[in-house]
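To keep things clear, I will list the structure first and then write my remarks on it.
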Amino acid sequence: LITQAVCEDRQKVKLKGFPAGRLRVSTCLITGCHHSLSHTHTHTHTHTDRTGTFGRVFLVKDKKSRAFFALKQMKIPDVIRLKQEQHVHNEKEVLTEVNHPFLIRLFWTHHDERFLYMLMDYVPGGELFSYLRSRGRFSNATGLFYTSEIVCAIEYLHFKEIVYRDLKPENILLDGEGHIRLTDFGFAKKLSDRTWTLCGTPEYLAPEVIQSKGHGRAVDWWALGILIFEMLAGYPPFFDDNPFGIYQKILAGKLEFPRHLDFYVKDLIKKFLVTDRARRLGNMKNGADDVKKHRWFKTVDWEAVPLRKMKPPIVPKVSHEGDTSNFDVYPEDDWKKDPVVPQKDLEIFKNF
């Protein structure tokens, strides 16, 4: 069997229990299916889509419907060793609650004596990161399209009192038509006030996260400013050879824009990358409405965006539902030989 995976191009820092190179997963949901048995009884394994620190994502096919799914499989001992129990539960809680055209949705969870499983839709178009790297940078119009769909996704999550905390090109998938799906909700969390958990990717961390001041949903708008810059420039605004150098530059807040950037998009980025959360665009009284009214979005029909009526600038080459050509190939190892987990550890996931 061939293993499909997307390599970790960007370092995730180890902050208070978060391992470097934490698993990034492409996850999605198809509704209307009901499974009570282990995936080994109902699905045929075809490829391994991605691998990570304590888990991997398989491409599987339903034996009855012949539909393709993404099956996330996580080693229970590694989840516990890396102190990721709460984040696994958070991911399930968040994905169970959301239902939006630009978000991956969870479909089914299960555990046996070795692994945790999450069954989701398979999104064959690959990561936005791959298209950005192959092109170097996106045009203003292309960046505007993706930003518009992301704004709608963030607005929905915040309406549900969910902070995403992991926005970046690697976590944005394209479906067969070219529309986005946000994936990897391992850092997402239901949040009524603030949280002090330190997590994320260095280039995308907001100042309040770095300074451990407690943070809320405003971090997603900061990350969107970083993402827009990276999409249009081809590189993030704050970068260095090591994470601490990146943090220093983020806290210094000095922005240097490429000359080709549109005046209005530069203004938008500046308003997202405001250290004072009370003045950060998207986090003020009118929330996402303030973002939508910005001049850069003057050509956007916001009613059409969530209906997927905007024409995607990039349509992935997908020959069939189970096409894996938009993911890199990796050798596969055998996880079936992993030891059985003690009962006391299984108790942690009894409701999973």
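The values are calculated or read from the model by the stated rules, or taken from the named source; none is laboratory data. Note that this is a predicted model, so its numbers are computed, not measured. Cβ coordinates were reconstructed from backbone atoms using ideal geometry, including for glycine residues, and neighbour counts include every protein chain displayed.
Of all residues in the stretch 64-83, those being touching a Phe, Trp or Tyr at 6+ places or on another chain (Cβ under 8 Å) and not charged (D, E, K, R) number 9. Residues that are on the phi > 0 side of the Ramachandran plot and in contact with a Cys (Cβ under 8 Å, 6 or more places away or on another chain) within the stretch 292-310 are absent altogether. The set of residues in the stretch 198-239 being surrounded by fewer than 22 Cβ atoms within 10 Å (Cβ to Cβ) and either polar (S, T, N, Q) or under 27 Å from Arg259 (Cβ atoms) (or both) consists of Pro207, Gln211, Ser212, Ala233, Gly234, Tyr235, Pro236, Pro237, Phe239. Answer yes or no as to whether Asn351 is exposed (fewer than 15 other Cβ atoms within 10 Å of the Cβ) and over 23 Å from Tyr146 (Cα atoms). Taking the combined requirement at face value, the residue satisfies it. Count of the stretch 120-142 residues, restricted to those that are buried (at least 18 other Cβ atoms within 10 Å of the Cβ) and not aliphatic (A, V, I, L, M), is 11.
Does Arg22 fit the bill of being charged (D, E, K, R), at pLDDT below 95 and in contact with a Lys or Arg (Cβ under 7 Å, 6 or more places away or on another chain)? Quick ask: steps written out before the conclusion?
Working: charged (D, E, K, R): yes; at pLDDT below 95: yes; in contact with a Lys or Arg (Cβ under 7 Å, 6 or more places away or on another chain): yes.
So Arg22 passes the test.
Of the helices (runs of 4 or more DSSP H) lying entirely inside the stretch 234-352, those carrying at least 1 residues that are modelled with pLDDT of 95 or more are 243-252, 263-272, 288-292.
Each row is one residue, and each column tells you yes or no for (1) in the same structural domain as Ala288 (by TED's automatic domain parsing); (2) within 29 Å of Thr96 (Cα to Cα); (3) modelled with pLDDT of 95 or more; (4) not small (Gly, Ala, Ser).
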| residue | (1), (2), (3), (4) |
| --- | --- |
| Ile180 | yes, yes, yes, yes |
| Gly200 | yes, yes, no, no |
| Ala206 | yes, yes, yes, no |
| Phe229 | yes, no, yes, yes |
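Hey, can you tell me all the residues within the stretch 132-159 that are touching a His at 6+ places or on another chain (Cβ under 9 Å) and closer than 22 Å to Lys285 by Cβ? Scanning the stretch 132-159 gives Cys152, Ala153, Tyr156, Leu157.
Sub-8 Å Cβ pairs linking a first residue in the stretch 263-277 that is in contact (Cβ under 8 Å) with a residue 60 or more places away in the chain to a second residue that is of a type in the set (S, T, N, Q), at least 6 apart or interchain, are Val265/Asn140; Arg277/Asn283, ordered by first then second residue.
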